[in-house]
Amino acid sequence: MKFTKILIANRGEIALRIMRSAREMGIKTVAVYSEADRNSLQVRYADEAVCIGPPPSNQSYLLIDKIIDAALKTVAQAIHPGYGFLSENPAFARAVKTAGLTLIGPSPESMEVMGSKLAAKAAARKYNIPLVPGTDYAITDVDKARLVAREVGFPILIKASAGGGGKGMRIVEGEEQFDEMLQRAVSEATSAFGDGSVFIERYVGSPRHIEIQVLGDLHGNIVYLFERECSVQRRHQKVVEEAPSSILTPEIRKAMGECAVQVARSCNYVGAGTVEFLMDEQLNFYFLEMNTRLQVEHPVTEMITGVDLVKEQIRIAEGHPLSFGQDDLKINGHAVEVRVYAEDPANNFLPDIGKLVRYVRPQGPGVRVDDGFEEGMDIPIYYDPMIAKLITWGENRKEAIDRMIRAIDEYTIVGCETTLPFCRFVMEHEAFTSGNFDTHFVSRYFSPDHLKPQLSEKEVSAAALMACHLQNQENKSGRTGVFAKSSGQISAWKLNRS
Ligand code: MV4
């Protein structure tokens, strides 16, 4: 089947990202939007747009019926869910199918298996995928669980099967705490997820988070598109991602890739998916979970493989077999992504939403910006405060990092605080540049006094006024000086300070 029109059930940068690939394929696009996104770029970019409700996502982007109605009304054949919102919701996947539409994504059954950590581990075990030592069943008997914990060896981790993003995890240092911690974990999981199932794993103390991109088609072909290193995160929020990882050997890369393909096979996976692994200091890797969606950080994989993952998702949903095999895929160079959030890194990363008074994107060789904003727009309070993803590519890791620092310095955002100075801190840190870091990077090394001094808004205004004054004087005297640039005085002053 060839799609002629698809609906994008998402907002912001990812909605635009998807529409761009669709347009290149000659496919018409339908945006849905909440009342808060009336003036958004996703609405302007799409061929058609349908308002689906008030700003809160549970009254708009999370409403299955509204989205399906919009697709039927505009005669779209397929729906791309992006990430977040309904992207991993099996009920949505079923409703799409029932309506006679195609979901650009995996089957509801795949989502269901991988949505449960325990079901995912059980499926992976059948394929001999390495798992962190522990249980792959829900704990029901405290005495039996204590014995398992002793066998596994402390410290152990209690995890909620329905948990995610580190929610419902508890480290238990020794046996004397075990009973109480287990009880607390179960009641926390019950109230947070409506599912009290918990299991035990040995606690890996200094892990790296490495994930493998996979693609599967409807004909049983599955390939891996190498890894992304996502260890630099803050409270389970990824901050920096890169591909490839600087610590994998070709042998480990191949072994992990083949494991990831097996995990995908274990749930008959179709579409783009990501298999997450923990890696310990001895470079042993363990399957953690599988994300059944396109991920935020997918661009770094696109940059090193040359594959447009969104186009592949669409072709797969149309029923085409993958147009390449494993041996056709090669790593070319290195890519780094930083997430630019409207958060103040000097103030405990408090959200700092506002109006983008001035917004100038970096440009030049090897720079990609995926965003959904323009100068003058307000950052809505209702959604994730991510302004943009800044991605750089280089022949090697050093060039990618040097470009990232250059791009961060070119990026001018006035109107709210952003995580850009924090990202710069990471790029310059010895532990990051040497590749010697794990998931504790931020808590171990970052404190606000490491940030380069930033100009306050008043200082920026004063600088701009002064620059105007000097330029006027120069114009009168017929000279051209340092401030006579087209990009504007504010950005010139900001650049001079970083
Ligand atoms: C672990 C672990 C150590 N040992 N499992 C956190 C979120 C969830 N996806 C899995 N997580 C972890 N599981 C064992 N057996 C440490 C983490 C973890 C982590 C993992 C990936 C990226 C960042 C993290 C930050 C803290 C803890």
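The values are calculated or read from the model by the stated rules, or taken from the named source; none is laboratory data. From a predicted model like this one, the values you see are computed outputs, not experimental measurements. Virtual Cβ from ideal backbone geometry, glycine too; neighbours counted across all protein chains shown. Note: accessible area is taken over every heavy atom of the protein model, side chains too, but ligands, DNA and RNA are not part of it. Shrake-Rupley method; radii C 1.70, N 1.55, O 1.52, S 1.80 Å.
Once phi is turned into θ = phi - 60°, what whole-Hz ³J(HN,Hα) does the Karplus curve with 6.51, -1.76 and 1.60 give for every residue of region 190-203, x standing for Gly and Pro?
4, 6, 7, 10, x, 8, x, 5, 10, 9, 10, 9, 5, 7
Using +1 at the C-beta of Lys and Arg and -1 at the C-beta of Asp and Glu, which of Ala149, Pro380, Pro362 has the Cα lying farthest in the positive direction of the dipole of the chain?
Pro362
Calculate, in nm to one decimal, what Lys355 and Lys330 gain on full extension: separation in residues at 0.36 nm each, minus their alpha carbon distance. Numbers along the way, then the final one.
Details: separation 25, 0.36 × 25 = 9.00 nm, distance 4.20 nm.
My answer for the length gained is 4.8 nm.
Roughly speaking, what is the stretch gain from Ile405 to His429, that is 0.36 nm per residue apart minus the C-alpha to C-alpha distance, in nm to one decimal?
Details: separation 24, 0.36 × 24 = 8.64 nm, distance 1.16 nm.
The Ile405-His429 span can extend by a further 7.5 nm.
Roughly speaking, what is the stretch gain from Cys468 to Asp179, that is 0.36 nm per residue apart minus the C-alpha to C-alpha distance, in nm to one decimal? Could you put the intermediate results ahead of the total?
On the way: separation 289, 0.36 × 289 = 104.04 nm, distance 6.83 nm.
Taking 0.36 nm per residue and subtracting the Cα distance, the gain is 97.2 nm.
For the residue pair Asp280 and Glu151, what label-to-label distance in nm results when each label sits 7 Å from Cα along the Cα-to-beta-carbon direction?
1.7
With the crude spin-label approximation of a point 7 Å out along Cα→Cβ, what separation in nm comes out for Ala122 versus Ser191?
About 2.8 nm separates the two model spin labels.
For Glu318, list long-range residues whose amide hydrogen, built 1.01 Å from N in the peptide plane, is under 5 Å from its own amide hydrogen.
Here the answer is none, since no amide H 5 or more places off falls under 5 Å of that of Glu318.
Between Gly271 and residues 5 or more places away or on another chain, which pairs have amide H atoms under 5 Å apart, with H built 1.01 Å from N, and which residues are they?
Amide H to amide H, under 5 Å and 5 or more residues apart or across chains, Gly271 pairs with Gly216, Asp217.
Taking the solvent-accessible surface of protein heavy atoms with a 1.4 Å probe, what is the per residue accessible area of the chain in Å²? Mind showing how you got there, number by number?
Details: 21230 Å² over 498 residues.
Dividing the accessible area of the chain by its residue count gives 43 Å².
For region 180-326, what Kirkwood radius comes out of the mean inverse Cα-Cα distance, in Å? All intermediate terms of the calculation are to be shown ahead of the outcome.
Details: mean 1/r = 0.0603 Å⁻¹.
The Cα-based Kirkwood calculation yields 16.6 Å.
Scan around Leu225 for amide H atoms under 5 Å from its own, H built in the peptide plane at 1.01 Å from N, and keep only partners 5 or more places away or cross-chain.
Distant-sequence amide H within range of Leu225: Gln213, Val214, Leu215.
On a C-alpha basis, how far is the centre of region 22-50 from the centre of region 131-197 in Å? Whole number, if you could?
44
With charges only on Cβ, +1 for K and R and -1 for D and E, what is the dipole size of the chain about its Cα centre, in debye, rounded to 20? Mind dumping the intermediate values first?
Values: 56 positive and 65 negative charges, 230 e Å.
Rounded to the nearest 20 debye, it is 1100 debye.
Efficiency by 1/(1 + (r/R0)^6): what FRET value for Lys73 and Asp143, r their Cβ-Cβ distance, R0 = 45 Å, to the nearest 0.05? Kindly include the intermediate steps, with their values, before the conclusion.
Values: r = 58 Å, r/R0 = 1.29.
With R0 = 45 Å, the Cβ-Cβ based efficiency is 0.20.
Under 1.5 on a/c is rounded, so check that first for region 95-215, then, if it is not, pick prolate when a/b is larger than b/c and oblate when it is not; a ≥ b ≥ c are the square roots of the alpha carbon gyration tensor eigenvalues. Spell out each step's value before the answer.
On the way: a/c = 2.37, a/b = 1.75, b/c = 1.36.
Because a/c hits 1.5 or more and a/b exceeds b/c, region 95-215 counts as prolate.
So, counting K/R as plus one and D/E as minus one, what does the shell of residues with Cβ under 10 Å around Leu350 add up to?
Details: positive: none; negative: Glu343, Asp344, Asp352, Glu417.
Result for the local shell: -4.
Per-residue HN-Hα couplings for region 334-344, Karplus 6.51 cos²θ - 1.76 cosθ + 1.60 at θ = phi - 60°, whole Hz, x for Gly and Pro?
9, 10, 10, 10, 10, 9, 9, 9, 7, 9, 9
Across region 261-275, in residue order, what do the Karplus-derived ³J(HN,Hα) couplings come to in whole Hz, using 6.51 cos²θ - 1.76 cosθ + 1.60 with θ = phi - 60° and x for Gly and Pro?
Running phi through 6.51 cos²θ - 1.76 cosθ + 1.60 with θ = phi - 60° gives 5, 5, 4, 4, 4, 4, 10, 6, 6, 10, x, 8, x, 10, 9 Hz.
Using a 1.4 Å probe on the protein heavy atoms, what percent of the accessible area of the chain belongs to carbon and sulfur? Could the numbers behind the result be given before it?
Details: 10650 of 21230 Å².
Ligands and nucleic acids excluded, carbon and sulfur reach 50 percent.
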